[in-house]
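These notes are about the structure you will find just below.
Bear in mind these aren't lab numbers, they're just calculated from the coordinates by the rules spelled out. None of the values given here were measured: they were computed from a predicted structure. No Cβ is skipped: glycine too gets one built from the backbone with ideal geometry, and neighbour counts run over all protein chains shown.
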């Protein structure tokens, strides 16, 4: 193959197919017909002597050669686009509807600032909040059900950092915040006025916040490593619900420190350091590569990053 004879338009088709992992969606993205996309992909296959993608029940799956090529192709196309068609974007005229997935307490921290900004600077933008019931929202992003996910996704971010896992080249992520877990109880709880020990912690009755409803969390893994366990009396899937129940019972729970205020019951609660070491709690945002260069999407991600710095900085100052 000679690079001088390569039709560079084929690389744009390749990029769209890799981004969408579906020929129909790639055709829509390129404003082409599906047969035209298939024909262009066939020509590139012949040129590179590789299948590039394999058809599946839900679209196409890249070959190892395609996975190897795509980061370089995408980077080159992005640089060319920045030079040839400089970005011109007016947020006041944007009419995007963003679908975002995050837990209730996280939304309570971010959305007030976002709503104020939208009403002031971007009155035509709309936000739709979608339920987050998993620690792995990649399938939702791949299907196009959501545009952005915000939360604690430890398994996902670890795989993405290592270049492993499902759709490793399709999902991007950025860290917004790193915090710690704390033990939370009502001010009148018997343990509120004394040091919290490992024995007293394990012997208490516990409430667990679990998005999936499974009665197990990272805290239980830590305890298992010490040959200890706790008694989980109640499992809920909302932080607001957890805060209200703990504030009116003798159950204790573990929450990320930054979400205690977002429960709406902080004045009735006591926060104590856990009597053992736990992994840090990371808040990340995930998005599909199809939106990486979308100026409105970039604006949204930048706003979330700035809000994190402002809102979470105030939370840390109150510790």
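Only bridges whose two residues both fall in the chain count here: according to DSSP, what percent of them are antiparallel, nearest 5?
Among the beta bridges of the chain, antiparallel pairing accounts for roughly 60 percent.
For Rg/Rh (Cα atoms, Kirkwood Rh), the listed values are (i) 0.97; (ii) 1.40; (iii) 1.06; which was obtained by calculation from the structure presented?
After the calculation, the listed value that fits is (iii).
Can you sort 171, 84 by how many other beta carbons sit within 10 Å, fewest first?
84, 171
Residue 80 to residue 56: extension gain in nm, 0.36 nm per residue of separation minus the Cα-Cα distance?
5.5 nm
Determine the shape class of segment 181-279: with a ≥ b ≥ c the square roots of the Cα gyration tensor eigenvalues, call it rounded for a/c under 1.5, and otherwise prolate if a/b is greater than b/c, oblate otherwise.
Cα axes put segment 181-279 in the oblate bin.
At 0.36 nm per residue, minus the direct Cα-Cα distance, what do residue 129 and residue 203 gain on full extension? Give it in nm, one decimal, please.
This chain segment gains 22.8 nm when fully extended.
May I ask you to compute the full-extension gain from residue 188 to residue 5, defined as 0.36 nm times their residue separation minus their alpha-carbon distance, rounded to one decimal in nm?
So the extension gain works out to 58.1 nm.
Could you please rank 272, 231, 126, placing first whichever residue has the fewest other Cβ atoms within 10 Å of its Cβ?
231, 126, 272
Quick check on segment 3-84: take the gyration tensor over C-alpha atoms, sort the square-rooted eigenvalues as a ≥ b ≥ c, and tell me if it's rounded (a/c under 1.5), prolate or oblate.
Since a/c stays below 1.5, the shape of segment 3-84 is classed as rounded.
Among 118, 146, 252, whose mean-square fluctuation peaks in a Gaussian network model of the chain (Cα, cutoff 10 Å)?
Between 118, 146, 252, it is 118 that shows the largest mean-square fluctuation.
Take 23, 286 and order them by how many other Cβ atoms sit within 10 Å, fewest up front.
23, 286
Between residue 210 and residue 24, what is the label-to-label distance in nm when each label sits 7 Å out along the Cα-to-Cβ direction?
If labels sit at residue 210 and residue 24, their model points lie 3.7 nm apart.
So what is the 222 nm mean residue ellipticity for the chain from helices alone, if each DSSP H run of at least 4 adds -39500 (n - 2.57) and you divide by all residues, rounding to the nearest 500 deg cm²/dmol?
Taking each H run of at least 4 residues, the total per residue is -12000 deg cm²/dmol.
Whole Å is fine, so just give me how far the alpha carbon centre of segment 18-36 lies from that of segment 179-204.
Distance between centres, Cα-based: 55 Å.
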